[in-house]
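*Asks:* Mind having a look at this structure? Questions to follow.
The values are calculated or read from the model by the stated rules, or taken from the named source; none is laboratory data. Only a predicted model underlies this, so the values are computations on that prediction, with no experimental measurement involved. All Cβ positions, even for glycine, are placed from backbone atoms using ideal geometry, and neighbour counts span all protein chains on display. The accessibility values were calculated without ligands, DNA or RNA, using every heavy atom of the protein model including side chains. Shrake-Rupley method; radii C 1.70, N 1.55, O 1.52, S 1.80 Å.
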Amino acid sequence: MAENTLGTDTPVTINVPDRPALEGLEQKLTSRWEETKTYAFDENTTREQVYSIDTPPPTASGSLHVGHMFSYTQTDVIARYKRMTGKNVFYPLGWDDNGLPTERRVQNYYGVLCDPAIAYDPDFKAPEKPAKNQRDWPRISRGNFIELCEELATEDEKVFEQLFTTLGLSVDWSRTYRTIDAHSRKVSQLAFLKDLEAGNAYMAEAPTMWDITFRTAVAQAELEDKEREGAYHRISFHRPDGEKVWIETTRPELLPACVALVAHPDDERYQPLFGTKVTSPLFGVEVEVKAHPLAQPDKGAGIAMVCTFGDTTDVTWWRELQLDTRALIGRDGRFAKETPEWITSAEGRERYERMAGATVFSAQKAVVEMLVETGEMEGEPKKIMHPVKFYEKGDKPLEIVASRQWYIRNGGRDADRREKLIERGREMNWHPAFMRSRYENWVEGLNGDWLISRQRFFGVPFPVWYKLDAEGEPDYENPILPDAASLPIDPASEVPAGYTEDQRGVAGGFIADPDVLDTWATSSLTPQIATGWGVDDDLHSKTFPMDLRPQGHDIIRTWLFSTAVRAETLAGSVPWHNTALSGWILDPDRKKMSKSKGNVVVPNDVLDKYGSDAVRYWAASARLGADTAYDEGQMKIGRRLAIKLLNASKFVLNLGAIQDSVITSEQQAQVVTNELDRSVLARLATLVEEATRAFENYEYARALQISETFFWSFTDDYVELIKDRAYGARGEEEQASVLAALATTLDAMLRLFAPFMPFATDEVWSWWRAGSVHRAPWPTAEGYSAVVNGADAEVLPTVGLALGGLRKSKSEAKVKQRTEVKVATITADASSIARVRAGEADLKAAGNVAELNLVEGDVDELTVSDVELVVETEEAK
RNA sequence: GCGCGAUUGGCGCAGCGGUAGCGCGCCACCUUGACACGGUGGAGGUCACUGGUUCGAUCCCAGUAUCGCGCACCA
């Protein structure tokens, strides 16, 4: 197209308010956008036209945070840009209401407990008020619990949606999902069944990281190290000849669970012992001394006690050395009540009874007391600080418990898949690029497959039953699976084909898998959920793999990685082509802002105070991946810019700068003849080119910054220079030239700023254009090619420099800027003088200069000198 | 231990081989007919440090320091 990128709308009635203001724009425009479906996705489309966004589903039960405004705005800016470049933007939003936070919130809000064993009650009504005592809370079925969750989430979501629309997110609100709704459950279960069928999901009995508070297994990605005080206890094992073997341990309570001692194969101190047996202190259990390269000679005594299971290294040794299993800590975090059969001596059994049923803490106390009694511990325990593994939401150290769990192959035990996933990571464009190394670090450090089963009640249940044999034992090898068409199902209340409800739990009958899928196992499917995988093949094929995944860098190892895993197993592709990592909001002390620190700012207050465009300006000023201090100062600047945009637009439009928006660059070239005017358009063309390039690289902050810089020079210099001419002081042709340049520039500025400040720009747009700026095309440099051809972009800044010199003289003389200059001299090199000459008439008008001497000289800088001011004296007045 | 990022005027940040930029704050001035929710001008930095490459380094390379983050280890 040879047009000037001004869109295809004919001018509408000019209607510029006398006193434009930001106040009220949010409400006015959001309802207009909703009425006209400005941001609706058009299903009648091709894949090439679509730009699809895998928006992070916020935890609806969580609190609103300025961080939400920050990262969601950054995505929205990109979405708006893409829409203006002609993309059919697929921009849905989900709500994450699947998982522990929602479970706890629903429990406490209604005063109910979920019990999957209970049948669904269609007449259930939640208690009006939660009973005071948790023991009195009614137990309800999973189905009823999910309904309550949806009910409550609906309320929570309204608050979020209100915030997000006020903020101006151009989300297609007709396309929302919840991670616990029937559609998401269906996709989640279907994906699980597909993964199971393809061998990507499997069940295994294995040592598992276990949170004793939540009574559930947790995955590697949910672990967090915390520094905790511990103590080395120096304890002696006994050789057959009576010699002592000293070991050091931080967990003496695990002595009865000891299965071996391990030292490094090259450690000469212990080489003679390898293969021999020693007996444990207190309990007199025989264990073998083994060699393994993971044992560190310089750590502790150089020889370690292996227990089932004290830490992950124990698990490695246990597996690789094929040691016995003598697990004692149960799912409640207590030692087994029964004295284990491997402790045979009467003394040993007696001693175990002193710790049977005890918590880890009490058991340790008991063991230490006994060791002191028997003299098998040397000296006092040596206190140390050491990292201990915690569930990220838990406050007690994790234990390792053997249990039957579901896993998904994620490369943790499979080098080929690991390689494949790293390769997929390299197929994605990371913004910023360096974030990819975090992904690779994580993938390379995986130490096992992804544990997806959770021993919770609320969540997406595994769509699996097991046959019970004649003894009532479940057959885990041959699970009964539902038909895909029946999904979603709840196996706890639904019956597999060919069975009846009265066979549940009965020998020869069946049982349901009791577990639910980890919340990440569903969240990892947001691209599939959002694009209608398995439900709407047409939509899916036009939107997947998605174009963009925005998210925080703190959940690369969880959300980003798990999504990559599922796309690989289910589609054999990347889930998206671009991933944009937002930074964190830091408080002014440069700590991550969080609720617990009590430094949280309420988003709605901020929006009220500064306006949405201003808040967006703050968010969009930060690059992707950059942690950013919460700074209301930046919002003030954004507000100032938005107001300036309104006022400058009002001025330009009131001058009559309102050319037809379908005028071509060629036609414009006929009109815009003044060199200063051509100069500003030449600069505009460069700006458009650079801003577009920045956006294409996801550097929206740069696009904003250069647009802003241009805009201020436009208002401060150009607009000031041309006022006289624009009023017609130098004839119609000169006036026509400047008015066309003004209209063109204003039109472009509105488009350039539209992604950042959707309210102010669309408001101005409505004063003189039809439709919404958000559906107007993004400007292109080609749109200005003819009018800019041969123009000298340096005229404006050079004349601006001269104007600055005149202003400085007046400022230093402490007189009004309007003060008349009788005469002034401008000295500069030949080309600069030529440029000043091109704008001389405007310069004289703007500086109120009667006579200007332009002097060519061999100088580096343009200078303004010999300024003679006409100073009004009191008498003259 | 491995890896990533940051270090630029009081503060917040750009920039990136060719004589240091922006905004806030500060100082002085100006109610000029788009805007006082404004305008004009000004002061303020040996670009963390040490080497190297180069005609030339804030920018490239190597190393050091400090801060932040990720991963791993964790007897």
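*Asks:* Could you tell me the convex hull volume per residue, in Å³, taken over the Cα atoms of region A:341-391?
*Replies:* Numbers: hull volume 6.5 nm³, N = 51.
In region A:341-391, the Cα hull volume divided by residue count equals 127 Å³.
*Asks:* In region A:260-300, which trypsin sites (Lys or Arg not before Pro) fall in coil by DSSP and have 14 or fewer other Cβ atoms within 10 Å? Walk me through the numbers before you get to the answer.
*Replies:* On the way: sites: A:269, A:277, A:290, A:299; in loops: A:269, A:299.
When the trypsin sites (Lys or Arg not before Pro) of region A:260-300 are filtered for loop state and at most 14 Cβ neighbours within 10 Å, A:269, A:299 remain.
*Asks:* For region A:403-488, with only Lys/Arg (+1) and Asp/Glu (-1) charged at the beta-carbon, what is the dipole magnitude about the Cα centre, in debye rounded to 20? Present the calculation step by step, with values, prior to reporting the outcome.
*Replies:* Numbers: 13 positive and 14 negative charges, 115 e Å.
Rounded to the nearest 20 debye, it is 560 debye.
*Asks:* Give the Rg (one decimal place) followed by the Dmax (whole number) of region A:482-630, computed from C-alpha coordinates and expressed in Å.
*Replies:* 22.2, 68
*Asks:* Can you compute the charge dipole magnitude of region A:632-673 about its Cα centre, using +1 on each Lys and Arg Cβ and -1 on each Asp and Glu Cβ, nothing else charged? Give it in debye, rounded to the nearest 20.
*Replies:* Numbers: 5 positive and 3 negative charges, 82 e Å.
My answer is approximately 400 debye.
*Asks:* Okay, next question. Between residue A:135 and residue A:332, 0.36 nm times their residue separation minus their Cα-Cα distance comes to what?
*Replies:* 69.0 nm
*Asks:* Along the charge dipole of chain A, which of A:403, A:562, A:363 sits closest to the positive end, that is, farthest toward it, with unit charges on the beta carbon of Lys, Arg, Asp and Glu (+1, +1, -1, -1)?
*Replies:* Toward the positive end, the furthest listed residue is A:363.
*Asks:* In debye, nearest 20, what is the charge dipole magnitude of chain A about its Cα centre with +1 on Lys and Arg Cβ and -1 on Asp and Glu Cβ, if you could check? Don't jump to the answer; show the numbers that get you there.
*Replies:* On the way: 100 positive and 138 negative charges, 249 e Å.
With Lys and Arg at +1 and Asp and Glu at -1, about 1200 debye.
*Asks:* A further question on this structure: Considering only protein heavy atoms and a probe of 1.4 Å, how much of the accessible area of region A:100-173 is carbon and sulfur, as a whole percent? Please list the in-between numbers first.
*Replies:* Numbers: 1880 of 3850 Å².
Ligands and nucleic acids excluded, carbon and sulfur give 49 percent.
*Asks:* May I ask you to list the chymotrypsin sites (Phe, Trp or Tyr not before Pro) in region A:365-407 that are in a DSSP loop and have at most 12 other Cβ atoms within 10 Å of their Cβ? List each step's numbers first, then the result.
*Replies:* Working: sites: A:390, A:391, A:406, A:407; in loops: none.
The qualifying sites: there are none.
*Asks:* Apply the Karplus parameterisation 6.51 cos²θ - 1.76 cosθ + 1.60, with θ equal to phi minus 60°, to every residue of region A:736-747 and state each ³J(HN,Hα) to the nearest whole Hz, in sequence, with x for glycine and proline.
*Replies:* 4, 4, 6, 5, 5, 5, 5, 4, 5, 5, 4, 4
*Asks:* Considering the Cα trace of region A:122-245, what is its radius of gyration and what is Dmax, both in angstroms?
*Replies:* 24.7, 80
*Asks:* Run the Debye formula on the Cα coordinates of chain A, all scatterers equal and no solvent, and tell me log10 I(q)/I(0) at q = 0.05, 0.08 1/Å.
*Replies:* The calculated log intensity ratios at q = 0.05, 0.08 Å⁻¹ are -0.42, -0.85.
*Asks:* Determine by what factor the alpha-carbon radius of gyration of region A:744-877 differs from 2.2 N^0.38 Å, reporting the quotient. Before the final figure, lay out each step's value.
*Replies:* On the way: Rg = 20.0 Å, N = 134, 2.2 N^0.38 = 14.1 Å.
Region A:744-877 yields a ratio of 1.42.
*Asks:* Further, regarding this structure: Can you work out the Karplus-derived ³J(HN,Hα) for every residue in region A:354-362? Use 6.51 cos²θ - 1.76 cosθ + 1.60 with θ = phi - 60°, whole Hz, and x for glycine or proline.
*Replies:* With coefficients 6.51, -1.76 and 1.60, one gets 5, 10, 4, x, 7, 6, 4, 4, 5 Hz.
*Asks:* Apply the Karplus curve 6.51 cos²θ - 1.76 cosθ + 1.60, θ = phi - 60°, to the phi angles in region A:486-499 and return the couplings in whole Hz, x for Gly and Pro.
*Replies:* Per residue, the Karplus-derived 3J(HN,Hα) values read 8, 6, x, 10, 10, x, 6, 10, 10, 10, x, 4, x, 10 Hz.
*Asks:* Another question, then. Students often get this wrong: which residues of region A:271-293 have the backbone nitrogen under 12 Å from the point 7 angstrom along Cα-to-C-beta of residue A:241?
*Replies:* A:272-273
*Asks:* List the residues of region A:744-788 whose backbone N lies under 18 Å from a point placed 7 Å from the Cα of residue A:16 along the Cα-to-Cβ direction.
*Replies:* Flagged as within label range: A:744-751, A:760-770.
*Asks:* Which of the peptides A:101-107, A:380-386, A:450-456 is most tightly packed, and how do the rest follow, judged by the mean count of other Cβ atoms within 10 Å per residue?
*Replies:* Values: A:101-107: 21.1, A:380-386: 11.7, A:450-456: 23.4.
The packing order, highest mean first, is A:450-456, A:101-107, A:380-386.
*Asks:* Counting only residues 5 or more places away or on other chains, whose amide H sits under 5 Å from the amide H of residue A:403 once H atoms are built in the peptide plane?
*Replies:* A:206, A:208
*Asks:* Mind checking the log10 I(q)/I(0) for region A:425-525 at q = 0.11, 0.14, 0.19, 0.20 Å⁻¹? Debye, one equal scatterer per Cα, no solvent, two decimals.
*Replies:* -0.50, -0.67, -0.95, -1.01
*Asks:* Report, by chain and number, residues whose modeled amide H sits under 5 Å from the one on residue A:286, excluding near sequence neighbours (fewer than 5 apart, same chain).
*Replies:* Counting only residues 5 or more places away or on other chains, the set is A:280.
*Asks:* Next question, about the same structure. Give the carbon-plus-sulfur fraction of the accessible surface of region A:255-396 in %, rounded to a whole number; probe 1.4 Å, heavy atoms of protein chains only.
*Replies:* Details: 3370 of 7220 Å².
It is 47 percent, rounded to a whole number.
*Asks:* Can you give me the relative contact order of chain A as a percent, contacts being Cα pairs under 8 Å and 6 or more apart? Show your work: numbers first, answer last.
*Replies:* Working: 1664 pairs, mean separation 142.7, N = 877.
16 percent.
*Asks:* Next question. In µm²/s, what is D for region A:196-288 at 37 °C and 0.692 mPa s, where D = kT/(6 pi eta Rh) by Stokes-Einstein and Rh is the Kirkwood radius from Cα pairs? Please list the in-between numbers first.
*Replies:* On the way: Rh = 16.8 Å.
For the chosen part, D equals 196 µm²/s.
*Asks:* Considering the Cα trace of region A:90-152, what is its radius of gyration and what is Dmax, both in angstroms?
*Replies:* Values for region A:90-152 (Cα only, Rg and Dmax): 12.8, 47 Å.
*Asks:* Using Cα centres only, tell me the gap between region A:736-811 and region A:670-686 in whole Å.
*Replies:* For region A:736-811 versus region A:670-686, the Cα centre distance is 10 Å.
*Asks:* Hey, another quick one. Under the rule of -39500 (n - 2.57) per DSSP H run of 4 or more residues, summed and divided by the residues of chain A, what mean residue ellipticity at 222 nm is obtained, to the nearest 500 deg cm²/dmol?
*Replies:* On the way: 27 runs with 329 residues, N = 877.
The helix contribution divided over chain A gives -11500 deg cm²/dmol.
*Asks:* Listed here are the pairs A:37/A:723; A:82/A:226; A:132/A:393; A:609/A:650; A:158/A:542; A:396/A:609; which of them are more than 31 Å apart at the Cα? Each step should come with its number before you reach the end.
*Replies:* Working: A:37/A:723 39 Å; A:82/A:226 43 Å; A:132/A:393 25 Å; A:609/A:650 23 Å; A:158/A:542 29 Å; A:396/A:609 42 Å.
Pairs exceeding 31 Å: A:37/A:723; A:82/A:226; A:396/A:609.
*Asks:* A further question follows. Would you mind getting the accessible area per residue of chain A, heavy atoms of the protein chains only, 1.4 Å probe, in Å²? Present the calculation step by step, with values, prior to reporting the outcome.
*Replies:* Working: 37540 Å² over 877 residues.
In whole numbers, chain A has 43 Å² accessible per residue.
*Asks:* When Rg is the radius of gyration of the Cα atoms in region A:39-125 and Rh is its Kirkwood radius, what does Rg/Rh come to?
*Replies:* Details: Rg = 18.9 Å, Rh = 16.3 Å.
That ratio is 1.16, to two decimals.
*Asks:* Using amide H atoms built in the peptide plane, which far-off residues or other-chain residues are under 5 Å from residue A:231 H to H?
*Replies:* Placed amide hydrogens put A:384 under 5 Å from residue A:231.
*Asks:* Something else now. Would you work out what percent of the accessible area of region A:805-875, with all protein chains in place, is carbon or sulfur (probe 1.4 Å)? Numbers along the way, then the final one.
*Replies:* Details: 1830 of 4240 Å².
Of the solvent-accessible surface of region A:805-875, carbon and sulfur hold 43 percent.
*Asks:* Over the alpha-carbon set of region A:235-361, work out the extent along each principal axis and list the three values in angstrom, largest first.
*Replies:* That works out to 40, 32, 23 Å along the principal axes.
*Asks:* Just subtract the alpha-carbon distance of residue A:213 and residue A:660 from 0.36 nm times their residue separation and send over the number in nm, one decimal. Don't skip to the answer; put the middle values down first.
*Replies:* Numbers: separation 447, 0.36 × 447 = 160.92 nm, distance 6.92 nm.
Stretched out fully, the residue A:213 to residue A:660 stretch lengthens by 154.0 nm.
*Asks:* Continuing with the same structure: Enter the per residue convex hull volume of region A:584-737, computed from alpha-carbon coordinates, in Å³ rounded to the nearest integer. All intermediate terms of the calculation are to be shown ahead of the outcome.
*Replies:* Numbers: hull volume 20.6 nm³, N = 154.
Residue-normalised Cα hull volume stands at 134 Å³.
*Asks:* Between the DSSP loop rule and a limit of at most 13 other Cβ atoms within 10 Å, which GluC sites (Glu not before Pro) in region A:197-280 are left? Intermediate values should be presented prior to the final figure.
*Replies:* Working: sites: A:197, A:205, A:222, A:224, A:227, A:229, A:243, A:248, A:253, A:268; in loops: A:243, A:268.
Qualifying residues, ordered by number: A:243, A:268.
*Asks:* Which length gain, in nm to one decimal place, applies between residue A:345 and residue A:402 when the Cα-Cα distance is subtracted from 0.36 nm times their residue separation? Don't skip to the end; give the middle numbers.
*Replies:* On the way: separation 57, 0.36 × 57 = 20.52 nm, distance 2.61 nm.
That works out to 17.9 nm of additional length.
*Asks:* Further, regarding this structure: Can you pull the semi-axes for region A:661-765, root of five times each eigenvalue of the Cα gyration tensor, sorted largest first, whole Å?
*Replies:* On the way: eigenvalues 132, 39, 34 Å².
After scaling each eigenvalue by five and taking roots: 26, 14, 13 Å.
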